[in-house]
Amino acid sequence: MRADSAASAIRKAISAGDFEPGEQLIESEMAERLDVSRNTLREAFAMLIADGVVVRIRNRGVFIASLGEDDVRDLYLARAAIEPAAIAWGQLHDVAGLADVVGRAETALAAGRAGEVALANQQFHRQLVAGMGSATLDETMDRLLAQMRLVFLQVLRKDPGFHGDYVPVNRHVVELMSAGCYDEAATVLHDSLVRTGRRVQEILGE
């Protein structure tokens, strides 16, 4: 297994709730779990540190990052700047693909499959930014969403239906984009992200 594959496996484990924020990742245990060398694991840790998903504390080791209200505020400020701009200025939008993602989220929501709703929601936002056609923005969005996974682990414990509330918003955004109303779609998404950031901060502060 390569370092990037090991990093991906750790991200998936985090998303699945296998690790708690603040939990230490023991190098020997993780190397055995992933069946990789310690050098490969250290490379994977370096990637995750760059993503902001884990932190290395000197003389103590590597730990899952713990994100608080200030981190959430910063993440949503970044998203509220990047994602609406991607809608308004992107030239490579796959609107049909976005509609398909929303459709899958709607189907999962109706069936009560909250995990699939969450995955579809993240894919929707990732694909919006991909419409800019910028590798730099794609990498930035990947880092933001990686950190958002940690935030949502905490949010979903208190509000399991959180992601489902935003499926209608995503549908509205896609409908506006389909009609060529990109500026209006950007405004709708911006306002939604601002409100969501506040909501998440309130949930974490409970």
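Could you check, for segment 140-147, whether at least one of its residues is hydroxyl-bearing (S, T, Y), more than 13 Å from the chain's Cα centre (by Cα) and more than 14 Å from V173 (Cα to Cα)?
no
Hey, can you tell me all the residues within segment 174-206 that are under 25 Å from R149 (Cα atoms) and not in a helix (DSSP H, G or I)? Reasoning before the result, please.
Of segment 174-206, the ones under 25 Å from R149 (Cα atoms) are 174, 185-206.
Once the filter is applied, which keeps residues that are under 25 Å from R149 (Cα atoms) and not in a helix (DSSP H, G or I), segment 174-206 yields only E206.
Yes or no, residue by residue, for (1) touching a helix residue (DSSP H, G or I) at 6+ places or on another chain (Cβ under 7 Å); (2) small (G, A, S); (3) without any contact (Cβ under 8 Å) to a residue 24 or more places away in the chain:
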residue	(1), (2), (3)
I10	yes, no, no
I14	yes, no, no
F19	yes, no, no
G22	no, yes, no
M30	yes, no, yes
R33	no, no, yes
T40	yes, no, no
A44	yes, yes, no
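Is it fair to say L156 is at pLDDT 95 or above and closer than 25 Å to D71 by Cβ?
Judged against the criteria, L156 is not a match.
Among the aromatic types (F, W, Y) and under 12 Å from the mean Cα position of the chain (by Cα): does that describe F162?
No; evaluated as a whole, the condition is false for this residue.
Listed residues V200, V194; which is in the same structural domain as A96 (by TED's automatic domain parsing), surrounded by 19 or more Cβ atoms within 10 Å (Cβ to Cβ) and at pLDDT 95 or above?
So the residue among V200, V194 that is in the same structural domain as A96 (by TED's automatic domain parsing), surrounded by 19 or more Cβ atoms within 10 Å (Cβ to Cβ) and at pLDDT 95 or above is V200.
Condition check: more than 23 Å from A50 (Cβ to Cβ), modelled with pLDDT of 95 or more, in contact with a Leu (Cβ under 8 Å, 6 or more places away or on another chain) and not aromatic (F, W, Y). Does V169 satisfy that?
Working: more than 23 Å from A50 (Cβ to Cβ): yes; modelled with pLDDT of 95 or more: yes; in contact with a Leu (Cβ under 8 Å, 6 or more places away or on another chain): yes; not aromatic (F, W, Y): yes.
So V169 fits the description; yes.
Please verify whether V53 is closer than 22 Å to V200 by Cα and in contact with a Lys or Arg (Cβ under 8 Å, 6 or more places away or on another chain), treating the condition exactly as stated.
Criteria met by V53.
Conditions (1) aromatic (F, W, Y); (2) surrounded by 15 or more Cβ atoms within 10 Å (Cβ to Cβ); (3) over 15 Å from A80 (Cα atoms), marked per residue:
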residue: G131; (1), (2), (3): no, yes, yes
residue: L145; (1), (2), (3): no, yes, no
residue: F152; (1), (2), (3): yes, yes, yes
residue: P160; (1), (2), (3): no, no, yes
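Out of contact with any Gly (no Cβ under 7 Å at 6 or more places or on another chain) and of a type outside the set (A, V, I, L, M, F, W, C): does that describe R157?
yes
The values are calculated or read from the model by the stated rules, or taken from the named source; none is laboratory data. Just so we're clear, the structure is a prediction, and the values are computed from it rather than from any experiment. No Cβ is skipped: glycine too gets one built from the backbone with ideal geometry, and neighbour counts run over all protein chains shown.
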